[in-house]
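First the structure, in the form of structure tokens, and then the observations on it.
Derivation of every value follows stated rules applied to the coordinates shown; laboratory data play no part. Given the structure is predicted, the values throughout are model-derived calculations rather than measurements. Don't worry about glycine lacking a Cβ; one is built from the backbone with ideal geometry, like all the others, and counts go over all protein chains shown.
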Amino acid sequence: MKKLGKFEIISKVGQGAMGVVYKARDPFIDRTVALKTLTTGLSEDPHHLKRFYSEARSAGNLRHPNIVTIYELGHEGDTPFIAMQFLNGESLDKIIDRMPNLPLSQKIGFVVYVCRALEYAHKQTPPVIHRDVKPGNVMVCPDGAVVVVDFGIARLGESTVSQSKGLLIGTFGYMSPQLFRGGTADSRSDIWATGVMFYEILAYRRPFKGENAAALMSNIILEDHRPITDAAPGIPEDVRRIVDRPPASAVRDTGRDCRPGGSQRTQPPQVRRHRADGQRDCGQGDEGSQLLVCYAEHLDDVPVRRFQI
């Protein structure tokens, strides 16, 4: 394949369940882009394809420094594709696999930027839900910028896979109890996955394990995780308080704080916000957005700066 629509293919950069990703060039404006194509099976059903385009358009309206920019939707023959911002760098899961000795402030910074991206997306009308938050969908650029990719794209897989094969969509280790219980993906499931990812960044292991998918599902729903201070000794108390609460209880009902590690709540949490005079204020709004802001604002108490990877 040398061209896809108007785009000139430079190289193949990745492949997954949803399709293939290419590095390409837009010859009209001389811009390098990432082209994500969809597998044939996902594009055969007109209903699924229409739903995908609708979701992709919603994601395409997002404009945030920590969210990948979608430029264009198109198709070449039977191959639908998305043209988006090309990011130099590597995914966060590859950084985690190397287990580098990173400063705590840098690890926290990864999560702060993800929280800001999700909080912005969840505030849209209607809210834009990611549905597959995980380190593999977080890109870290050479200048330290953190960018979340694949917003809303998992929705097509959700409709296709869950209805035709009766399977759950997403990455099991990051899925919340509400999804395993048959609930729909919403801001709470994004928040849960972010908390799991935060734990993994700190400890270089996930909070839940299982010998197989069924055991992992059971542990996520029923069990508490290993305390973060055991998995990652030396974690400061302020960070421990955010992470180290029983995650399995966090999304079992809507009366609880939806962060992994959430405590019992009967009311949405008060969120500290910055006023024009520099003082922090409390705001009300969508519960999921409040939780994300609260999460990120707590993390902002620890100095965050960008580092070269």
Exercise. Once label points are set 7 Å from the Cα along Cα→Cβ at both E223 and R240, what is their separation, rounded to one decimal in nm?
Worked result: 2.2
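Neighbouring Cβ atoms within 10 Å as the yardstick, rank K2, K94 fewest first.
On the way: K2 6, K94 14.
Lowest to highest Cβ neighbour count: K2, K94.
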For this session: Given a cut-off of 21 Å, name the pairs among K3/K134; K50/K134; K12/K94; K6/K94 whose C-alpha atoms lie farther apart than that in the structure shown.
Result: K3/K134; K50/K134; K6/K94
Exercise. Going by how many other Cβ atoms sit within 10 Å of their own, how do I191, I9, I242 line up, fewest first?
Worked result: I9, I242, I191
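Between D93 and K6, 0.36 nm times their residue separation minus their Cα-Cα distance comes to what?
Values: separation 87, 0.36 × 87 = 31.32 nm, distance 3.22 nm.
That works out to 28.1 nm of additional length.
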Exercise. Between the stretch 122-154 and the stretch 189-204, how many Å separate their Cα centres?
Worked result: 14
